[in-house]
1. Based on Cα positions only, what radius of gyration and what Dmax would you give for the chain, in angstroms?
2. What does the accessible area per residue of the chain come to in Å², with a 1.4 Å probe and no ligands, DNA or RNA counted?
3. Per DSSP H run of at least 4 residues, take -39500 (n - 2.57); add these up for the chain, divide by its residues and hand me the 222 nm value, nearest 500 deg cm²/dmol.
4. With every protein chain kept in the model, how would you rank Leu58, Leu17 by accessible area, 1.4 Å probe, largest at the top?
5. Using a 1.4 Å probe on the protein heavy atoms, what percent of the accessible area of the chain belongs to carbon and sulfur?
Amino acid sequence: MSIDRIVFAVAGAFILLSVLLAVYVNINWLWFTGFVGANLLQSAFTGFCPMALILKKLGMQPGAAF
C-alpha cells in the first residue's frame, strides 16, 4: 500500500471514530473531526502532511500524492 492510501485510510478511520465518539461519548470529539479535516485541506494545498513524512521515514512506498 502506498503512503497516500495509508494516509487517506487512517484519516477516514479517525473521522469515523471521532464521529462515533461524539455521538456516544461526548460532543466535543467533533473538534478532533474538524482537526483531521483541516489537516487534509491544508495538505491538499501545501503538500505537507506530517503522517506522510513519518511513513516515508519508515520506508513505505510513496504514491502519487506524497
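The values are calculated or read from the model by the stated rules, or taken from the named source; none is laboratory data. Since this is a predicted model, take the numbers as computed values, not measurements. Keep in mind that these areas ignore ligands, DNA and RNA; they rest on the heavy atoms of the full protein, side chains included. Shrake-Rupley method; radii C 1.70, N 1.55, O 1.52, S 1.80 Å.
1. So, for the chain, Rg and Dmax equal 13.1, 37 Å respectively.
2. Computed with neighbouring chains in place, this is 72 Å² per residue.
3. Per the formula, -23500 deg cm²/dmol.
4. Leu58, Leu17
5. The value for the chain is 74 percent carbon and sulfur by accessible area.
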